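Below: the structure, in C-alpha cells.
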Amino acid sequence: MIDKNPGITSAVNKINNIDNTYRNFQMEVLSGEENMMTKVRENNYTYEFDFSKVYWNPRLSTEHSRITELLKPGDVLFDVFAGVGPFAIPIAKKNCTVFANDLNPESHKWLLHNCKLNKVDQKVKVFNLDGKDFIQGPVREELVQQLGPLSKGRKHSVHIVMNLPAKAIEFLGAFKSLLDEQLCSSELLPMVHCYSFSKDANPAKDVQQQAEAALGISLDACSSVHLVRNVAPNKEMLCITFRIPAAILYKNQTVNLENHEDPPLKRQRTDKAFSEEKTQLA
C-alpha cells in the first residue's frame, strides 16, 4: 500500500474497538512511520489531525454531504459532537452560523485548526464541553435569541446535529424544559438529526423507539429515519430526524405520549421503503 501510494506514510491496524469517551482507539503500526499526523481531503475540504487521538471515519463523507445540503445560507447549526469539523466546516462555508462542540481536547484543538485552514474561523464558534453542558449552556442561550420575540419574521432554520451513535440518544433528555416560554411558531423550532446504532430486525422502528423513550413523547407522526451505513453484520448506523416538540422544549407544556403531529415533516417511511434503501446501500 505504501509502495504504490506516495502520499501514504504509515499503514496501521486497529487493535480494539472505540470504547472510550474521546472516540479514539488503539492501533499498531504495520509499516512506515510512527507519526500519526494525517491530512485528508473530503468533499473539497481539507482536514488535519493526529489520527491516534481523534475520531475520523471516511465512510461518512456521503452523510456529511447529505446533512450539509439540508441547510441554506443564513441557517444556524449546533454540532453537539463536532469532532474535527466534517459537518461544521462545510456548513459554515454555506454562510451559515455554526456552534461546534467536542469534549475531546484534541478534537477541539484540531477543530479550531481546521476552521482556520478552511477559512471559516469567523463563522464557527468552538466549544470544549460535555454534550449536555453544551445543550444546556451555549445552545440554550442562542435558542432564547433565535426563538424569542424577534423570531416572528425569521426565515432561516435551526438544525442540531448529534453524531455520536453509541450514546447520542441519551443526550436527547437535555432538551426537556430547556426554554421557559414559547414565543414562536412550532414550525420554527429546531430540527434534530440524531445518530444511533441498531441490531434490531427493524432498525428504523428501534431507533425511533429509543428516541421516544429518551424524550418521553411519541415521534410517530413527526420523524423520519435514514439508513447511513451497515457497520457490521446485523448492525446498522441510522439517523433519526425530527423537529423538537414544543411539549418537550418548553416548560409547563402538556406532553402527549400517544401522538405528536407536525405537518411540515413527512410521516416516517414505511418498513418496505426502508428495506429497499438498505438493499441499495448494501
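Before moving on, here are some points about what is shown:
- In this structure, residue 204 does satisfy being small (Gly, Ala, Ser), more than 27 Å from residue 137 (Cα to Cα) and touching a residue at least 60 places away in the same chain (Cβ under 8 Å).
- Of all residue pairs spaced 6 or more apart or on separate chains, those with beta-carbon atoms under 6 Å, a first member in the range 8-21 that is farther than 18 Å from residue 164 by Cβ and surrounded by 10 or more Cβ atoms within 10 Å (Cβ to Cβ) and a second member that is of a type in the set (Gly, Ala, Ser) and modelled with pLDDT of 65 or more are 9/32; 10/32; 11/31; 11/32.
- Candidates are the residues of the range 159-178 that are over 13 Å from the mean Cα position of the chain (by Cα) and not charged (D, E, K, R); the one that is surrounded by the most Cβ atoms within 10 Å (Cβ to Cβ) is 175.
- The lone exception for residue 52 - which of (1) touching a residue at least 40 places away in the same chain (Cβ under 8 Å); (2) assigned to a loop (DSSP other than H, G, I, E, B) it fails: (1)
- Any hit, the range 132-143, residues being part of a loop (DSSP other than H, G, I, E, B), buried (at least 16 other Cβ atoms within 10 Å of the Cβ) and not hydroxyl-bearing (Ser, Thr, Tyr): no
- Qualifying positions in the range 94-131 - in a helix (DSSP H, G or I) and free of Cβ contacts under 8 Å to residues at least 24 places away in the same chain: 105, 108, 109, 112, 116
- Only one of 14, 53, 4 that is at pLDDT below 95 and in contact with a helix residue (DSSP H, G or I) (Cβ under 6 Å, 6 or more places away or on another chain): 53
- Test: residue 181 is under 21 Å from the mean Cα position of the chain (by Cα) and not hydrophobic (A, V, I, L, M, F, W, C): no
- Subset of the range 221-230 [over 13 Å from residue 196 (Cβ atoms) and buried (at least 16 other Cβ atoms within 10 Å of the Cβ)]: 222, 224
- Test set (1) of a type outside the set (D, E, K, R); (2) open to solvent by 10 Å² or more (accessible area, probe 1.4 Å); (3) touching a residue at least 12 places away in the same chain (Cβ under 8 Å) - residue 150 fails condition number: (3)
- Output for the range 231-247, where each listed residue is surrounded by fewer than 22 Cβ atoms within 10 Å (Cβ to Cβ) and touching a Lys or Arg at 6+ places or on another chain (Cβ under 8 Å): 234, 235
- Helices (runs of 4 or more DSSP H) contained in the range 165-282 and holding at least 1 residues touching a helix residue (DSSP H, G or I) at 6+ places or on another chain (Cβ under 7 Å) and modelled with pLDDT of 90 or more: 203-215, 246-249
- Where a residue in the range 209-232 is under 29 Å from residue 59 (Cβ atoms) and its partner, wherever it lies, is open to solvent by 40 Å² or more (accessible area, probe 1.4 Å) and part of a strand (DSSP E or B), with Cβ under 9 Å and at least six apart: 231/197
- Residue match in the range 83-93 (condition: in contact (Cβ under 8 Å) with a residue 60 or more places away in the chain, buried (at least 17 other Cβ atoms within 10 Å of the Cβ) and small (Gly, Ala, Ser)): yes
The values are calculated or read from the model by the stated rules, or taken from the named source; none is laboratory data. This structure is a prediction, so every number in the text was calculated from the model and none was measured. Ideal geometry is used to build each Cβ from the backbone, glycine not excepted, and the neighbour counts take in all protein chains shown. We work out accessible area using only protein heavy atoms, side chains counted, and drop any ligands, DNA or RNA first. Shrake-Rupley method; radii C 1.70, N 1.55, O 1.52, S 1.80 Å.
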